[in-house]
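The values are calculated or read from the model by the stated rules, or taken from the named source; none is laboratory data. What you see is a predicted model; the values in this text were computed from it and never measured. Neighbour counts run over all protein chains shown; Cβ positions are idealised from the backbone, glycine included.
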Amino acid sequence: MKIGPKIKKIRELRGFKQEDVAHQLGIHQTTYSRMEKEIGKDKVTIDTLSRIAEVLGVDPIDILNFDEKFIFNTQEQKASQSGSLSLNHFSEKIQTLYEARIKSLEEEISFLRALLEKAKYQI
């Protein structure tokens with residue numbers, strides 16, 4: 001897998017928008033988007049990879065080694081064997097990324113449920 005899609009997936013897991021990362025890097029969002037897609041001259045260099053990793057709060061090696069398919073396949077196999085998910089095969093930083101994203105989504109769900117409950121009484 002190319003580096004760009006790995007960066008994109010980690011960015012999404014961290015809850016960052018392209019605009020957020022581009023701003024931190026001091027570049028335009030479209031330039032950053034082209035890096036994630038690895039289009040033309042906007043491919044990711046080693047220096048840029050290091051800067052992106054810093055913005056995302058991970059090591060560059062975690063980006064290079066990131067393999068979503070391996071992680072999810074491993075976890076699905078373990079879940080079918082044990083009946084629950086285990087995070088033992090995640091690197092600590094990747095596990096932290098997933099846990100932070102899950103927490104963020106849980107908070108969003110709670111907020112949206114509260115809005116729906118409030119709207120129900122206003123109708």
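If only one of 8, 17 is modelled with pLDDT of 90 or more, surrounded by 14 or more Cβ atoms within 10 Å (Cβ to Cβ) and within 12 Å of the chain's Cα centre (by Cα), which one is it?
Values: 17 fails: surrounded by 14 or more Cβ atoms within 10 Å (Cβ to Cβ).
Exactly one of 8, 17 is modelled with pLDDT of 90 or more, surrounded by 14 or more Cβ atoms within 10 Å (Cβ to Cβ) and within 12 Å of the chain's Cα centre (by Cα), namely 8.
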Between a residue in segment 103-121 that is modelled with pLDDT of 90 or more and any residue that is among the hydroxyl-bearing types (Ser, Thr, Tyr) and surrounded by 10 or more Cβ atoms within 10 Å (Cβ to Cβ), which pairs come within a Cβ distance under 7 Å, given they are 6 or more apart or on different chains?
none
Are there any helices (runs of 4 or more DSSP H) wholly within segment 1-49 with 1 or more residues that are closer than 20 Å to residue 101 by Cβ, in contact (Cβ under 8 Å) with a residue 60 or more places away in the chain and in contact with a helix residue (DSSP H, G or I) (Cβ under 8 Å, 6 or more places away or on another chain), and if so which?
3-14
Scope segment 50-94; condition loosely packed, with under 15 Cβ neighbours inside 10 Å, part of a helix (DSSP H, G or I), at pLDDT 80 or above and not β-branched (Val, Ile, Thr); matching residues
50, 54, 64, 65
